[in-house]
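Working notes, structure below.
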Amino acid sequence: MSFDLQHLAIDPSLIKEIKPCVYEIPIGFVPNMKVPGYFYSTPEMAKYAFDELQNWMSNRNQGLPSILQISFVATLPGITKGSFGMLDMHSGYGFSIGGVAAFDTTDPDAFISPGGVGYDINCGVRLMTTNLTWEEVEPVKKELVEKLYEYIPVGVGGKLDGVCDRDHLRDVMLKGAGWALENGFAVQEDIDNCEENGCLKGADPSLISDRTITRGTGQLGTVGAGNHYIEVQRVDKILDEEKARVMDLHEGQVVVMIHTGSRGLGHQVADENMKVCSEKFVKESLPDKQLAAPSFHSEESQKYLRAMYAAANFAWCNRQVIMHNVRRAFSDVFKDRKLETHLVYDVAHNIAKVEKHNIDGVEKE
């Protein structure tokens, strides 16, 4: 069945809050849904998602709303249990931003969509604690910000020389955050507290084009633009004392959150693979051509997976080098203070991985 977006019947009233902050998009909301859609939101935030949908319904030539993107993902082959939207959901490319789905690799039609992963492969966040209080940091915040800018380039085209030259980028993509450990930008605890220990096995840097290497050269240790940031934060309120103790968090404490990804390198990997998909794998039955992809077991999908892993490893190393330079900035400003900084965790929110999960009592990959 082909999708005619201009005449697609949409009834927002079918979406129900089935329990506090959990909304269900039922099978049948759009044609061919194999599983329900779900999104997590407060009623106040859900209003924005419904407004986004209503705006699209009045002008269907604009980008797809997140509720519709969650519904379209629910039509894809191999999907299991549901198509999910997290709290940050909003209109994205193929998948909504904040979209999550699991696909059964034993289904011959299941696939990994480069459009679903998106352009900023392994965009993610990490949280670093300090033993400083806001009362100590507030008087010197201007000096601290200046030091952070000195050590960490930001913005489109930001470059950092002297960290990793072109010839060693493929080594970074193979080892991920482990490269940072080998080269003095990390301690073992940093690696231990990172998703996948900062390195996905199976990355194949030989699949990375020269154009990708050119775009990534000088970008290790840089933040980029858009919604990426380094934010000096204060713990304002503890809601779960037990978990806060495990993470060594307490009220009034100063922490640092880092949010960035694989920069131009990951963008180029995504762009090259999306072009292959748009040229060769768009099917009439797809509700959105941005979801186009070959089957999971195809040569094209496996090459994309290994190249995407390489870009993901670059991103983990990037956030690690940034954190190293955050530590330098704090050390410069607080020369007379014995500083203690620890990585709470680093987690990706823009990635595809092969994992094992228990689905209805059966372990699946």
The chain - Debye-derived log10 I(q)/I(0), Cα point model, q = 0.12, 0.15 Å⁻¹: -0.97, -1.32
Global size of segment 19-67 as Cα Rg and Dmax, reported in angstrom: 11.8, 33
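Can you sort Tyr151, Tyr304, Tyr119 so the residue with the fewest Cβ neighbours within 10 Å comes first?
Tyr151, Tyr119, Tyr304
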Length-normalised contact order of the chain in % [C-alpha pairs under 8 Å, at least 6 apart]: 24 percent
Unit Cα scatterers, Debye sum, segment 89-248: log10 I(q)/I(0) for q = 0.13, 0.16, 0.20 Å⁻¹: -0.91, -1.31, -1.56
Neighbour-count ranking [beta-carbon atoms within 10 angstrom, fewest first] of Trp179, Trp56, Trp134: Trp134, Trp56, Trp179
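Report, in debye and to the nearest 20, how large the dipole of the chain comes out about its Cα centre when Lys and Arg carry +1 and Asp and Glu carry -1 on their Cβ.
Working: 37 positive and 52 negative charges, 111 e Å.
Using Cβ point charges on Lys, Arg, Asp and Glu, the chain gives about 540 debye.
Quick one: divide the alpha-carbon radius of gyration of segment 256-365 by 2.2 N^0.38 Å and tell me what you get. Before the final figure, lay out each step's value.
Working: Rg = 19.6 Å, N = 110, 2.2 N^0.38 = 13.1 Å.
Dividing the Cα Rg of segment 256-365 by 2.2 N^0.38 Å gives 1.50.
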Members of Lys142/Lys237; Lys175/Lys237; Lys16/Lys275; Lys159/Lys237; Lys175/Lys283 lying beyond 29 Å, as alpha-carbon distances in this model show: Lys175/Lys237; Lys16/Lys275; Lys159/Lys237; Lys175/Lys283
Assigned charges on the beta-carbon of Lys, Arg, Asp, Glu; segment 236-365 dipole about Cα centre (debye): 500 debye
Kirkwood hydrodynamic radius of segment 5-103, from inverse mean 1/r over distinct Cα pairs, in Å: 13.2 Å
Reference-scaled alpha-carbon Rg (2.2 N^0.38 Å with N residues) for segment 227-316: 1.66
MRE, 222 nm, helices only [DSSP H, n ≥ 4, -39500 (n - 2.57), over the chain, to nearest 500]: -10500 deg cm²/dmol
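If we count other beta carbons within 10 Å of each Cβ, what is the order of Val22, Val172, fewest first?
So the residues, fewest neighbours to most, are Val22, Val172.
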Cα centroid of segment 118-164 to Cα centroid of segment 241-292, whole Å: 19 Å
Most positive-pole-ward Cα, Leu132, Pro114, Pro153, against dipole of segment 104-170 from beta carbon charges: Pro153
Gained length - Glu241 relative to Asp11, 0.36 nm times residue gap less alpha-carbon distance: 78.5 nm
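Every number in this text was worked out from the coordinates using simple rules, so none of it is lab data. Because the structure is a prediction, the values reported are computed rather than measured. Quick reminder, even Gly has a Cβ in these numbers, built from the backbone with ideal geometry, and neighbours come from all protein chains shown.
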